[in-house]
1. Within the bounds of the range 17-33, is there any residue that is closer than 20 Å to Trp117 by Cβ, in contact with a helix residue (DSSP H, G or I) (Cβ under 6 Å, 6 or more places away or on another chain) and surrounded by 18 or more Cβ atoms within 10 Å (Cβ to Cβ)?
2. Are any residues in the range 98-127 surrounded by 13 or more Cβ atoms within 10 Å (Cβ to Cβ) and of a type in the set (A, V, I, L, M), and if so, which ones?
3. Scan the range 1-38 residue by residue and report those that are in a helix (DSSP H, G or I) and out of contact with any Phe, Trp or Tyr (no Cβ under 8 Å at 6 or more places or on another chain).
4. Report, ordered by the first and then the second residue, all pairs with beta carbons closer than 9 Å, sequence separation of six or more or different chains, a first member in the range 63-91 that is without any contact (Cβ under 8 Å) to a residue 40 or more places away in the chain and closer than 23 Å to Ala177 by Cα, and a second member that is assigned to a strand (DSSP E or B) and not aliphatic (A, V, I, L, M).
5. Would you check which residues across the range 156-175 are among the hydroxyl-bearing types (Ser, Thr, Tyr) and crowded, with 20+ Cβ neighbours inside 10 Å and list them?
6. Can you go through Glu53, Glu95 and tell me which one is surrounded by fewer than 12 Cβ atoms within 10 Å (Cβ to Cβ), at pLDDT 95 or above and within 20 Å of the chain's Cα centre (by Cα)?
7. Among (1) crowded, with 18+ Cβ neighbours inside 10 Å; (2) within 20 Å of Val40 (Cβ to Cβ), there is one condition Asp150 misses while meeting the rest; what is its number?
8. Hand me the list of strands (runs of 3 or more DSSP E) wholly inside the range 58-174 holding 3 or more residues that are within 24 Å of Cys25 (Cα to Cα) and β-branched (Val, Ile, Thr).
Amino acid sequence: MVIVIPDKEIFSGRKAAILACARACTNRGVTWVSLYYRDVTVANLQYLLQMPEVRYIYWCGHGNNQMTWPNGSTVARTHTTCWQCTPRWLRDLWESIPVLSYTTQTFPGAPLLPRQWDTRGFDLWGLGMFQQGNKKIVFIDTCKSAEYHDMAWAYGVFSLQGQGYRDQIYIGWRIDAMTAAWVSTLPGDTSTGVRIFWEEMGKGRTIMQALQNTTTHPASNNNPVLALWGNNATLDIGNPNGDDNIFLWGTGDINQIRLNP
């Protein structure tokens with residue numbers, strides 16, 4: 001498992017969920033490593049994400065499903081962020097850059113991105129994960145990470161589709177997922193819901209069981225049910241017309257997929 005946390009403020013809001021993810025891995029005998037803040041660089045991501053033994057990814061940080069030009073027009077493209085360092089004589093310059101599902105580097109006919117991010121950003125498609133099939137659970141815990149399926153494709157969640165394999169799933173959000181109840185515009189608390197999910201995964205639950213248990217867990221204070229599953233407080237998994245805020249992409253059997261060493 002690679003746990004990726006590029007943003008200090010997101011870590012503060014999601015700390016309990018991040019620790020629950022690490023404990024879940026330990027409980028299940030899954031080796032895990034974390035990248036925090038400025039350790040989340042292109043070089044470190046290239047090294048870790050291309051390792052065939054890395055089967056699980058939990059990415060917790062800023063993200064979105066589009067990029068905006070100065071004139072206000074937008075380009076649909078799911079992305080997260082990482083850090084890039086430019087050496088300077090007095091002080092190195094650190095810049096947050098987008099980690100994009102794809103760019104014109106890999107899809108020359110794709111719509112151009114603002115600020116020259118097609119060449120300055122990090123193109124995940126270029127890692128080749130889309131055809132490897134070794135990423136089994138990918139949870140991109142950022143805003144709008146599952147509004148489209150481009151990021152799921154980049155991580156290879158569909159790479160074994162039609163070949164009899166049903167062991168890959170991508171989890172993300174169709175909303176601006178705030179990190180703490182006190183800053184959330186949602187009725188409920190997404191952070192508590194994510195923490196419960198990882199606690200349940202650490203008990204050997206399947207993806208489906210862990211998600212279902214977010215609706216019954218006796219969490220104190222802030223109820224995560226509406227924050228995850230919408231106003232009907234019901235799991236509409238697989239229904240694109242449902243009101244779930246958390247969303248899954250892929251053809252994996254969520255009644256079988258679990259954290260395995």
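The values are calculated or read from the model by the stated rules, or taken from the named source; none is laboratory data. Remember, it's a predicted structure, so these values are computed and weren't measured experimentally. Don't worry about glycine lacking a Cβ; one is built from the backbone with ideal geometry, like all the others, and counts go over all protein chains shown.
1. To start, the set of residues in the range 17-33 that are closer than 20 Å to Trp117 by Cβ comprises none.
So far as the range 17-33 goes, no, none of its residues is closer than 20 Å to Trp117 by Cβ, in contact with a helix residue (DSSP H, G or I) (Cβ under 6 Å, 6 or more places away or on another chain) and surrounded by 18 or more Cβ atoms within 10 Å (Cβ to Cβ).
2. Within the range 98-127, Val99, Leu100, Ala110, Leu113, Leu124, Leu127 meet the criteria.
3. If the condition is that a residue be in a helix (DSSP H, G or I) and out of contact with any Phe, Trp or Tyr (no Cβ under 8 Å at 6 or more places or on another chain), then Glu9, Ile10, Ser12, Gly13, Arg14, Lys15, Ala16, Leu19, Asn27, Arg28 are the ones that fit.
4. Listed by first residue and then by second, the contacts come to Thr74/Gln66; Thr74/Thr68; Val75/Gln66; Val75/Thr68.
5. Within the range 156-175, just Tyr170 meets the criteria.
6. Values: Glu95 fails: within 20 Å of the chain's Cα centre (by Cα).
Matching residue, one of Glu53, Glu95: Glu53.
7. (2)
8. It comes to 137-141.
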